[in-house]
Amino acid sequence: MNLTQIIADYTQIYADYQGRNPRPSALDSRKSALKVHLPKHLMFQRLFILQLGIALCCSPAQAAAQFPFLGEITQDNVNVRAGQNVNFEKLLLLKKGQPVSVVEKNFTWYKIKLPAEAKCFISKKYITIHQPGVGVVTGNRVNLRAGPDSNFTSLGQVSKDDVVKIVGEVKDWYQIEPVEGTYGWVAEQFLVYKSQQIPPAKPVMKLSQLTVEPVSQPVSPPV
């Protein structure tokens, strides 16, 4: 018996109990299967109605989903924002069918791991360049921002000796590829549950894990 049928049966049974249906219900044979004990006290009636309301509000997909899960975007040009309403900064646009890792929900917004293309900035004063395109964080609990200024929303933090991939720069800020632990938000109407199989986490690389590229030495001409 699926959720929709159970809800319909509960509604019919409660209507019978309240005397709204004077003729015998066709559901009598199913009441035992549903294990319904009709309420005899006003407080229990209200609890019964509350339970039914909760069931009506939950879609089958939401009932099946357990965080984290793999979601799928349902249309093109869906905004990922830095927070859970439309007033937050836009970080990137997602395409229809694009998979995203969903970690939680807040009201009508899903929190997702940021894809590699999302905007993510760090102040240059907390970065030393290790080699072209690779920076090392020099401070602790350094905020990553949605734009090149400290007034932009924080997307997460990095720590001393964390390694980041630099993809651009704007004045005193580097744009970097989002690291593990940075998140954005997508409105629930643009995302559906796909599966519980999410991609494995990619821990932030540390300075000690970097390999030093050999420096080429000029070849002396023969004497």
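The values are calculated or read from the model by the stated rules, or taken from the named source; none is laboratory data. This is a predicted model, so every value here is computed, not measured. Ideal geometry is used to build each Cβ from the backbone, glycine not excepted, and the neighbour counts take in all protein chains shown.
Results for (1) under 24 Å from T153 (Cα atoms); (2) under 13 Å from the mean Cα position of the chain (by Cα); (3) not aliphatic (A, V, I, L, M), shown as yes or no for each residue.
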| residue | (1), (2), (3) |
| --- | --- |
| F69 | no, yes, yes |
| A82 | yes, yes, no |
| V86 | yes, no, no |
| G97 | no, no, yes |
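Note on region 136-155: residues that are in contact with a Ser or Thr (Cβ under 7 Å, 6 or more places away or on another chain), under 15 Å from P178 (Cβ atoms) and part of a strand (DSSP E or B) total 5. Does G184 meet the test of being under 28 Å from V86 (Cβ atoms), surrounded by 17 or more Cβ atoms within 10 Å (Cβ to Cβ) and modelled with pLDDT of 95 or more? Taking the combined requirement at face value, the residue satisfies it. Filter region 101-128 down to the residues that are over 19 Å from G83 (Cα atoms), in contact with a strand residue (DSSP E or B) (Cβ under 7 Å, 6 or more places away or on another chain) and in contact (Cβ under 8 Å) with a residue 12 or more places away in the chain and list them by number. Result: S123, K124, Y126, I127. I need the full set of residues from region 116-125 which are buried (at least 18 other Cβ atoms within 10 Å of the Cβ) and outside any strand (DSSP E or B), in order please. Within region 116-125, A118, K119, C120 meet the criteria. Could you tell me whether region 156-177 includes any residue that is in contact with a Lys or Arg (Cβ under 9 Å, 6 or more places away or on another chain), of a type in the set (A, V, I, L, M, F, W, C) and assigned to a loop (DSSP other than H, G, I, E, B)? No: zero hits. Scoring N79 on the criteria (1) modelled with pLDDT of 95 or more; (2) more than 14 Å from W185 (Cα to Cα) leaves a single failure, condition (2).
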